[in-house]
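Working notes for the structure below.
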Amino acid sequence: MNTLASPSAPSALVHPAIHPDERAARLQLAACYRVFAMLGWTEMIYNHITVRLPDSVTGGEKQFLINPFGLHYSEVTASNLVKIDLHGNVLDGSTYPVNPAGFTVHAAIHDGLPDAHCVMHTHTTAGVAVACLQGGLQQTNFYSAQLHDMVAYHDFEGITIHADEGPRLLRSIGSKPAVILRNHGLLAWGQTLPQTFAILWTLQRACEIQMATFSMGAAIPVPEDIARKCTRDALQFNPNHGAGQDVFDALVRQVDRIDDSYKN
């Protein structure tokens with residue numbers, strides 16, 4: 001949801017002497033938006049993926065890249081991503097607006113969790129359905145078993161435009177990187193964009209399978225000790241094993257074969 005109108009002729013502005021680390025972050029994030037579009041993880045022009053720019057770019061200031069509000073994910077490019085601060089102020093001269101209902105949650109997580117380099121939020125059908133379910137995600141399938149003790153819940157407080165929700169959200173999350181926003185949707189955060197994607201993909205897949213399973217009847221629960229072992233043995237989130245980089249790269253290659261205009 002948003003209360004701002006898009007300008008009649010928005011434009012992106014990227015300084016010609018852009019730092020190479022910012023250029024790399026823009027390319028990776030723009031590619032991720034196209035991956036989401038390819039997977040169908042879109043909600044019209046809503047929802048967000050945000051990345052904190054490295055200190056080499058910002059000098060230690062907390063600055064972020066976010067999608068320009070008003071564009072579909074399939075229209076996001078490296079140059080039209082908007083650079084903002086923790087308050088959503090535009091820092092790169094872009095005339096695109098920033099959706100306040102989007103960055104309020106992201107700002108709280110980026111600011112409150114030092115390891116939250118990337119934050120992703122979706123409203124997929126399976127994700128919202130499980131978020132609305134009494135009991136939420138249940139330990140009944142291969143993917144939910146890999147998220148043992150990694151999932152946090154935050155109660156619904158309405159449209160996320162009020163900054164005072166931030167401290168309560170952080171208390172709900174603790175240190176758990178997979179988050180179910182009750183009655184709302186899914187969220188993930190991580191040390192890198194590929195790691196965050198791997199976490200969200202696993203959470204999304206667990207929700208999809210749960211929704212399909214519950215439509216047929218009662219599910220077989222996964223015992224606690226087995227789920228604990230699954231999470232320990234699953235290495236897709238581990239930085240020592242790539243933390244999702246290989247999966248993300250494969251999806252970007254697929255995007256490139258379809259449309260590589262995100263590089264513009």
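General observations
- Loop chymotrypsin sites (Phe, Trp or Tyr not before Pro), the stretch 56-159, which have at most 14 other Cβ atoms in a 10 Å radius of their Cβ (DSSP): 142, 156
- Here mean projected area of the Cα convex hull in nm² was computed from the coordinates, and among (i) 18.2; (ii) 14.2; (iii) 12.1 the match is (ii).
- Taking only alpha carbon atoms, the stretch 125-238 gives an Rg to Rh ratio of 0.97, where Rh is the Kirkwood radius.
- Residue 249 versus residue 218: modelled label distance in nm, points set 7 Å from Cα along the beta carbon direction: 4.7 nm
- Derived value for the stretch 5-154: Kirkwood hydrodynamic radius 16.6 Å. Basis is the mean of 1/r over every pair of different alpha-carbon atoms.
- Annotation for the stretch 39-62 versus the stretch 139-195: alpha-carbon center distance of 17 Å.
- In terms of overall dimensions, the stretch 182-264 has a Cα radius of gyration and Dmax of 16.0, 49 angstrom.
- Summing Cβ point charges (Lys, Arg +1; Asp, Glu -1) relative to the Cα centre of the chain gives a dipole of roughly 240 debye.
- Ranked by how many other beta carbons lie within 10 Å on average, peptides 111-122, 168-179 from highest: 111-122, 168-179
- Residue-count net charge about residue 112 - beta-carbon cut-off 14 Å; Lys, Arg +1, Asp, Glu -1: +1
- With N counted as the residues of the stretch 61-130, its alpha-carbon radius of gyration over 2.2 N^0.38 Å works out to 1.16.
- Pairs of Cα atoms nearer than 8 Å and 6+ residues apart set the relative contact order; for the stretch 149-264 it is 21 percent.
- Residue-normalised accessible area of the chain, expressed per residue, 1.4 Å probe, Å²: 46 Å²
- Taking the accessible area of the stretch 76-161, probe 1.4 Å, and keeping the other protein chains in place, the carbon and sulfur fraction comes to 54%.
The values are calculated or read from the model by the stated rules, or taken from the named source; none is laboratory data. Computed from a prediction, not measured in an experiment: that's the story for all the values here. All Cβ positions, glycine included, derive from the backbone under ideal geometry; neighbour counts span all protein chains shown. Accessible surface is based on the protein model in full, side chains and every heavy atom, while ligands, DNA and RNA are left aside. Shrake-Rupley method; radii C 1.70, N 1.55, O 1.52, S 1.80 Å.
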